[in-house]
Amino acid sequence: MAENDDLTGLTDDERRKQGRSPDPVLPGERAPKAKPPRPVAVSFWLWLAGGVILILGYVQLMAGKSAVIDRYVEGTKDPKITPQMIADGVTAMLWFLLVGSIVFTLLFLLFAYKAREGTRSARTVLTVLPIVMVLLIFTFAPVLTYLTLVAVLLFVIALVLLYLPSVSGYFPKVGKKL
């Protein structure tokens, strides 16, 4: 056996990068810990911070929902739409946005954790999820808060950190041959 054939202690993705199958983890054993480059580790914490800020933005919006409702009531000229209908619709929309922000935050954390372990597909999912989230926000959100914009900015920075040239080797390409 050659010196470089010692694969003990490598993560599954490090083994895949070398063309090997993942090392089985037997019951009672601990899986090897990944050692991500600093930009990937910082990216993980930015995903977390952005998610918390996103949730706080919609909690703040929910707390001030009467102002949002008043804005829509003032802007509605159709006599068929009552203030109660607007209040019900805005309340439902704010709950939808709050629950959606929690779901997106959990997804960001799941895939940021996997990206921190070097999983290339997690990085790809983290590229698509914020785009979907921003499209949903701009489509459905009654108002944008500064906290939402700060969260989106943090997500963009976290994503850029995952694509820096210095970390490209940490996300191995999957070989085409089976």
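The values are calculated or read from the model by the stated rules, or taken from the named source; none is laboratory data. Remember, predicted model here, so these are calculated numbers, not experimental data. All Cβ positions, even for glycine, are placed from backbone atoms using ideal geometry, and neighbour counts span all protein chains on display.
Summary table
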| quantity | calculated |
| --- | --- |
| Near pairs, Cβ below 6 angstrom, 6+ apart or cross-chain, from region 49-60 (of a type in the set (Phe, Trp, Tyr)) to any residue that is assigned to a helix (DSSP H, G or I) and at pLDDT below 95 | Tyr58/Leu97; Tyr58/Leu98; Tyr58/Ser101 |
| Residue that is modelled with the highest pLDDT, among those in region 135-178 that are aromatic (Phe, Trp, Tyr) and closer than 19 Å to Leu98 by Cβ | Phe155 |
| Only one of Ala67, Ala34, Ala49 that is part of a helix (DSSP H, G or I), in contact with a helix residue (DSSP H, G or I) (Cβ under 7 Å, 6 or more places away or on another chain) and of a type outside the set (Phe, Trp, Tyr) | Ala49 |
| Filtered residues of region 75-102 (kept if of a type in the set (D, E, K, R) and closer than 28 Å to Ala151 by Cβ) | Asp88 |
